[in-house]
Amino acid sequence: MIFTFGGAIVLALFINEIRSTAFKRITQNISYLPHFLSWVIIGSIMMEMLSPSNGVVNKIIELFGGQTIYFLADKYWFLSIIVASDIWQSIGWGSIIYLAAISGIDPQLYDSAKIDGAGRARQMFSITLPSIANVIAIMLILQVGSILNAGFDQIFNLYNFKVFEVADILDTYAYRAGLEQGNYSLSTAVSLFKNGVGLVLVLIANKIVNRMGHTGLW
C-alpha cells in the first residue's frame, strides 16, 4: 500500500510536470495499459521473464557473471516481485484521479508563484500537493479499508509451495477452505472477518482525516 498509493501520487506529479502535450499523452497511455491486463497474463509474463532457465533477467545476470536466481521460488525475492508487479500494474490507473484533481487547480496560483521566484519543485510542494490534499485523504481512507485485500488474483497466479510461508493471504486461505476443502462456513467467516476489519479501519481513518482538518468520506 505504501508503494502503490504513494507511487500513484508521485507519478501524477511527474506527469503533470511534462510540458509536451503529445509526450504527456503517450506517457499516460503507457502507464494505464497494465491495468487492463489480467493477472493471468501478467503472471505468465513474470514467469517467462524470471525463469531460471530461459528468463531474460537471469540471462542478463549470467552475462555479468552472476548466478541464476530462482526468483519465484525464493521467499525473499518473491515479496519484492509481488510489490514491484503490483506497482507496475496499478499506479498508472491510480494516478488518473490525482491528475484530474491537479487539472482543476487555478493556473493563476502558479503564475503568482513564478512571479515570486518559485521554481517547479517549490510550486509542486507549495501549490500542487496542498491543493489535492483532500483528494489524497479520501483515496487514503478507501485504500485503508481494502488493506486486507492483498490481491487474490496476483498471489494465486504467482505463488507456489516453496514461497507458501510468505505468500499465503486471507483470500487464498478462504479459497482453499471453501472450494478445495468444502468448509464453506469457515470460508464465509474468514471473509466476513476481513470485511469487518476493513469497515473498522475506514471509520478510524475517516476520523483521523477529519481531525487533521481535511474532508473525509462523511
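Of note:
- Residue check: ILE87 meets all listed conditions (1) of a type outside the set (Ser, Thr, Tyr); (2) within 13 Å of the chain's Cα centre (by Cα); (3) surrounded by fewer than 18 Cβ atoms within 10 Å (Cβ to Cβ) but one, namely (3).
- Consider the range 65-105 and keep the residues that are in a loop (DSSP other than H, G, I, E, B) and among the hydroxyl-bearing types (Ser, Thr, Tyr). The one that is farthest from PRO34 (Cα to Cα) is THR68.
- Taking the range 175-214 as the range and being of a type in the set (D, E, K, R), surrounded by fewer than 13 Cβ atoms within 10 Å (Cβ to Cβ) and closer than 23 Å to GLN143 by Cβ as the test, the residues that pass are LYS207, ARG211.
- Just one of the listed residues (ILE81, ILE26, ILE45) is over 26 Å from PHE152 (Cβ atoms) and among the β-branched types (Val, Ile, Thr), namely ILE26.
- The range 104-125 - residue that is under 15 Å from VAL10 (Cα atoms) and touching a residue at least 12 places away in the same chain (Cβ under 8 Å) and, of those, surrounded by the fewest Cβ atoms within 10 Å (Cβ to Cβ): ARG120
- So PHE78, is it surrounded by 14 or more Cβ atoms within 10 Å (Cβ to Cβ), at pLDDT 90 or above, closer than 26 Å to VAL144 by Cα and more than 14 Å from the chain's Cα centre (by Cα): yes
- Residues (crowded, with 16+ Cβ neighbours inside 10 Å, hydroxyl-bearing (Ser, Thr, Tyr) and over 19 Å from the mean Cα position of the chain (by Cα)) located in the range 143-174: THR172
The values are calculated or read from the model by the stated rules, or taken from the named source; none is laboratory data. Being a predicted model, the structure only gives us computed values, none of them experimental. Please note: Cβ atoms are built from the backbone with ideal geometry, for glycine as well, and neighbour counts cover all protein chains shown.
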